[in-house]
Amino acid sequence: MTTTETATTSKINLLGHPLAALEAFFAELGEKPYRAQQVLKWIHHFGVSDFQLMTNLSKPLREKLALVAEIRAPEVASASQAEDGTQKWLLRLADGNSIETVFIPETTRGTLCISSQVGCVLNCDFCSTGKQGFSRNLTSAEIIGQLWFAVRELSLEKGAHDHAITNVVMMGMGEPLLNFDNLMPSLDIMLSDHAYGLAKRRVTVSTAGVIPVMHQLRAATDVALAVSLHAPNDELRDKLVPLNKKYPLAELMKVCRDYFKDDNRRYVTMEYVLLDGVNDSLEHAEQLAALLKNVPAKVNLIPFNPFPFTVYKRSSPETIDRFHARLVAHGLNTRVRKTRGDAIDAACGQLVGQVQDRTRRRERYFSSSR
Ligand code: SAH
């Protein structure tokens, strides 16, 4: 299919339909509900996008499906691979926007970092995605389409095995909780045994702290939660993560304290990017330890990844070690995230895609930086 054809198609894209939505779709076609399971498996277990290959469906049904529906994932615009094996794909969407998806292989697992929006409205000062401005939410087909694409891509590559992707983190471009309606069907498909069958603890939603939606998320599912903290007091967090002005730390910590209260073996991951001379002093470490005192938390320290025109710098290895040691001395479960993929700009906060910015933030950022 050419791009013009895909852009103008009126066929319904089944890629982002979880089981319940597929059942409703087949009911409307006058088909039996079990067709939904079969098709979900074909799409996500076997990576099939052509109805003609779905051999346990009758021929007339396959033809009917081909007339009214399609299975369409974002298309790859470019791919890059770092020496450490990290891979980044720029994926083109039907409307001309592009997003980025990153695969991070480790010895015992492989993590796919998925985008939830084209750009981001939050405008965190140290994040490159924020500086691109914002275009729109991704559809559920575009969110799950990143996993669908990556599974297929990795299984085609030499050496990769079927289960190369063991973990998914919603830590790409965008704020997933500001796209809740499309996030939920995507999570459903990730967890479904008829699709990817990922364990709940291996799927992480990361948020800058959209408190009302955190409650909604918790009520709907118990996947893992990461919170982008980055500062131990409101004054500093207001600057780094402007969303803090709306949802300040005391309220955010209350939600985190209670988030897994029915299971004392579970923790909220607190992400803290270390910015040289900004949030990395021992005083900040003390404040952070105090803030997290009664919160079941694990701390993930992230060395800052630079991007063009940023005023921030990565803290030195000594400073990072000192900060880490101080948190550990307070009994906090803390680790320093290894920087992966920065040579191909695939590291945390470096994902930019191609955003048709509707906020004009990008323009302002780049003109004021010169
Ligand atoms: N909006 C969500 C999802 C993005 S996750 C959230 O804020 O959690 C991306 C993670 O990388 C966040 O923790 C983010 O704060 C962090 N990050 C952003 N820019 C970064 C940078 N330049 N260097 C290191 N980490 C960064």
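The values are calculated or read from the model by the stated rules, or taken from the named source; none is laboratory data. Remember, it's a predicted structure, so these values are computed and weren't measured experimentally. No Cβ is skipped: glycine too gets one built from the backbone with ideal geometry, and neighbour counts run over all protein chains shown. Ligands, DNA and RNA are excluded from the accessible area calculation, which covers all protein heavy atoms including side chains. Shrake-Rupley method; radii C 1.70, N 1.55, O 1.52, S 1.80 Å.
Beta bridges assigned by DSSP with both partners in the chain are antiparallel in approximately 45 percent of cases. Each label was represented as a point 7 Å from its Cα along the Cα-to-Cβ direction; for Arg201 and Asp238 these points are 4.0 nm apart. For the chain, the relative contact order is 17 percent, taking Cα pairs closer than 8 Å that sit 6 or more residues apart in sequence and dividing their mean separation by the residue count. Specify whether the C-alpha gyration tensor of region 12-70 places it in the rounded, prolate or oblate class, a ≥ b ≥ c being the square roots of the eigenvalues: rounded for a/c under 1.5, otherwise prolate if a/b is larger than b/c and oblate if not. It is rounded, given that a/c, with a ≥ b ≥ c, falls under 1.5. For chymotrypsin sites (Phe, Trp or Tyr not before Pro), the sites in region 40-137 that DSSP calls loop and that have at most 13 other Cβ atoms within 10 Å are Phe46.
Run through region 52-159 and list the GluC sites (Glu not before Pro) located in a DSSP loop whose Cβ has at most 15 other Cβ atoms within 10 Å. Of the GluC sites (Glu not before Pro), the ones in loops of region 52-159 whose Cβ has at most 15 other Cβ atoms within 10 Å are Glu83, Glu106, Glu157.
Spin-label model, Ala343 to Leu67: label points 7 Å out along the Cα-to-beta-carbon direction sit 5.4 nm apart. Site pair Arg335 and Leu29 shows an inter-label distance of 4.4 nm when each label is modelled 7 Å from Cα along Cα→Cβ. Note on region 109-169 and region 4-78: Cα centroid distance 22 Å, given to the nearest whole angstrom.
Among the cysteines of the chain, Cys113, Cys120, Cys256, Cys348 have no other cysteine beta carbon within less than 4.7 Å of their own.
Looking at the chain, the accessible area is 46 square angstrom per residue; that uses a 1.4 Å probe and ignores ligands, DNA and RNA. Subtracting the Cα-Cα distance of Ser155 and Leu53 from their residue separation scaled by 0.36 nm leaves 34.9 nm.
Could you work out what % of the accessible surface of region 12-70 is carbon and sulfur, using a 1.4 angstrom probe and leaving DNA, RNA and ligands out of the count? Carbon and sulfur atoms account for 59 percent of the accessible area of region 12-70.
Distance between the C-alpha centres of region 240-271 and region 193-210: 17 Å, rounded to the whole angstrom. Overall shape: prolate for the chain, with the ratio a/c of the largest to smallest alpha carbon gyration tensor axis at 1.5 or above and a/b above b/c.
Exceeding 26 Å between C-alpha atoms, which entries from my cross-link table qualify? They are Lys32/Lys200; Lys32/Lys59; Lys313/Lys338; Lys200/Lys338; Lys254/Lys338; Lys11/Lys200.
Lys32/Lys200; Lys254/Lys338; Lys11/Lys200
When a 1.4 Å probe is rolled over the protein heavy atoms, the share of accessible surface on region 75-367 that falls to carbon and sulfur comes to 50 percent.
Scaling the Cα radius of gyration of region 40-136 by the globular reference 2.2 N^0.38 Å produces a ratio of 1.43.
Taken about its Cα centre, the chain carries a charge dipole of about 280 debye when Lys and Arg each add +1 at the Cβ and Asp and Glu each add -1 at the Cβ. Report, in degrees rounded to the nearest 10, the 0 to 90 angle that the Cα long axis of helix 211-220 makes with the longest principal axis of the chain. Compared with the principal axis, the helix lies near 50 degrees.
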